[in-house]
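Q: Starting off with a structure, shown below.
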């Protein structure tokens, strides 16, 4: 008598898991604050870390605002151009064209932003 209910539950679970999981765009929503940077020389570490601590990405719907120290915040529409596992490539509209950004979701819930030259900025979501 329990077998049909168990079978139905077993068949429904994968469907719910697929339907209930968030898209990369949905996972990005909110404000992410710079926490640390990797692959900088010891001489540059203090200055780079100060820069990172003043950096943020804020995703709201289809818009992203990038705040970087000593610059005006910049906003633009974004779309997920490619998603492979935890890695996401964004296409961000800007005046006269578009930029791309590569991000990766880390296991601890943080976000890694590839800023080039092997450097990664770790960002954490604000509560």
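Coordinate-derived values only; no laboratory data. All values reported here derive from a predicted model rather than from experimental measurement. Here the Cβ is made from the backbone with ideal geometry for all residues, glycine too, and neighbour counts use every protein chain on show.
Q: From the residues in region 56-80 that are free of Cβ contacts under 8 Å to residues at least 40 places away in the same chain and closer than 19 Å to residue 120 by Cβ, which one is nearest to the chain's Cα centre (by Cα)?
A: Applying the filter and picking the extreme gives 59.
Q: Still on this model: Would region 92-100 turn up any residue that is crowded, with 17+ Cβ neighbours inside 10 Å and within 12 Å of the chain's Cα centre (by Cα)?
A: no
Q: Same structure again: Which of the residues that make up region 55-85 are exposed (fewer than 14 other Cβ atoms within 10 Å of the Cβ) and at negative phi?
A: Listed by number, the residues that qualify are 60, 62, 63, 69, 71, 72, 73, 77, 79, 82, 84.
Q: Of all residues in region 40-67, which are assigned to a loop (DSSP other than H, G, I, E, B) and in contact with a strand residue (DSSP E or B) (Cβ under 8 Å, 6 or more places away or on another chain)?
A: 40, 54, 55, 62
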